[in-house]
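Okay, so here's the structure we're looking at.
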Amino acid sequence: MSDDQQRQEAEHRRRFGLPPGVDPRNFDPRRAMDQASLEKVLRAQAIARAEAQAATTVIIATIVSLVTSAVSFIAAFAWNTAIQDVLNKYIGPNTALSRSLHLGKVGVEVVYAIAVTFIAIIVVLIVNRFASNLAKKSAIALASGS
């Protein structure tokens with residue numbers, strides 16, 4: 001073994017706190033520990049793995065939530081345009097209905113806001129009812145042990 005290799009090996013031993021004669025390439029620190037210390041290390045490793053897995057789960061859930069929100073936002077814009085077009089066709093500023101009700105541009109926009117609010121309330125109620133039924137089914141399945 002050359003002087004340079006011996007110096008590197010000595011440096012490795014010093015850095016790892018190894019006694020002379022122990023090869024740092026084949027050293028297993030678990031064999032040098034007592035059983036209680038080894039169990040502490042293994043428990044700490046298990047906790048670290050669980051925390052890392054939980055963090056990964058949170059990151060994936062956040063990404064899914066962000067993508068879902070983005071797609072929902074795009075769908076909201078599409079529905080916005082569709083609802084505006086329908087309302088402009090039937091109660092727009094130049095239709096017979098808006099002239100008979102004396103609705104100007106602002107009046108048509110108020111009707112649009114009311115219509116969108118009404119649709120939003122209906123959609124939220126339907127989604128909440130669906131989610132409630134799904135939660136009840138999950139609770140029943142969990143209670144029955146399925």
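Data for the structure
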read-out: Hz values of 3J(HN,Hα) by residue in segment 41-58 - Karplus curve (6.51, -1.76, 1.60), Gly and Pro given as x; value: 5, 5, 5, 5, 5, 5, 5, 5, 5, 5, 5, 5, 5, 5, 5, 5, 4, 5
read-out: Estimated FRET transfer efficiency (Asn94, Ala120; beta-carbon r; R0 35 Å; 0.05); value: 0.80
read-out: Simple spin-label estimate for Arg49 and Ile63 in nanometres, 7 Å along Cα-Cβ; value: 2.2 nm
read-out: Set of lysines near Lys89 by C-alpha distance (under 24 Å), chain-local residues within fewer than 8 positions excluded; value: Lys105
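Since every read-out is calculated from the coordinates, none of them should be taken as a lab result. Because the structure is a prediction, the values reported are computed rather than measured. No Cβ is skipped: glycine too gets one built from the backbone with ideal geometry, and neighbour counts run over all protein chains shown.
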